[in-house]
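These notes are about the structure you will find just below.
All of the numbers you see were taken from the coordinates with simple rules; none came from a lab. Given the structure is predicted, the values throughout are model-derived calculations rather than measurements. Quick reminder, even Gly has a Cβ in these numbers, built from the backbone with ideal geometry, and neighbours come from all protein chains shown.
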Amino acid sequence: MRSSNEIGSDGLSNLRSAIFVAMDKETIQHSVVVVMNEEIHVATYVTKTHTTNLATFQAPTFGPIGIVSKTMSSIFKNTNENSIIK
């Protein structure tokens with residue numbers, strides 16, 4: 001994760017990826033997710049692993065549940081976690 005004033009800032013890319021994931025009907029079945037570095041993680045398992053590395057947000061014990069490409073997001077792991085409050 002790099003600041004907006006650094007070369008190689010990832011802020012806009014992460015925002016674009018998060019928008020793709022938020023628009024994807026497939027992700028509604030999952031609990032809160034973190035979208036960083038074109039990966040989708042369940043928020044429960046995410047930790048910041050490095051201060052300036054672009055791949056700093058990781059889920060070491062669970063791994064990503066999906067990825068984001070240039071035009072869409074894809075979920076490839078079922079979490080069986082549905083935390084929608086009714």
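Judged by the mean number of other Cβ atoms found within 10 Å, the most tightly packed of the peptides 33-44, 56-67, 7-18 leads the ranking 33-44, 56-67, 7-18. Bridge orientation summary for the chain: considering DSSP beta bridges with both residues in this region, about 100 percent are antiparallel. Taking the longest Cα principal axis of the chain as reference, the axis of helix 11-23 is set at about 10 degrees.
Assuming a ≥ b ≥ c are the square roots of the Cα gyration tensor eigenvalues, decide whether the stretch 10-75 counts as rounded (a/c under 1.5), prolate (otherwise, with a/b larger than b/c) or oblate. Oblate.
All other residues whose Cβ lies under 11 angstrom from that of Gly66 are scored, Lys and Arg at +1 and Asp and Glu at -1, for a net of -3. Between the C-alpha center of the stretch 1-31 and that of the stretch 34-79 there is a gap of 10 Å.
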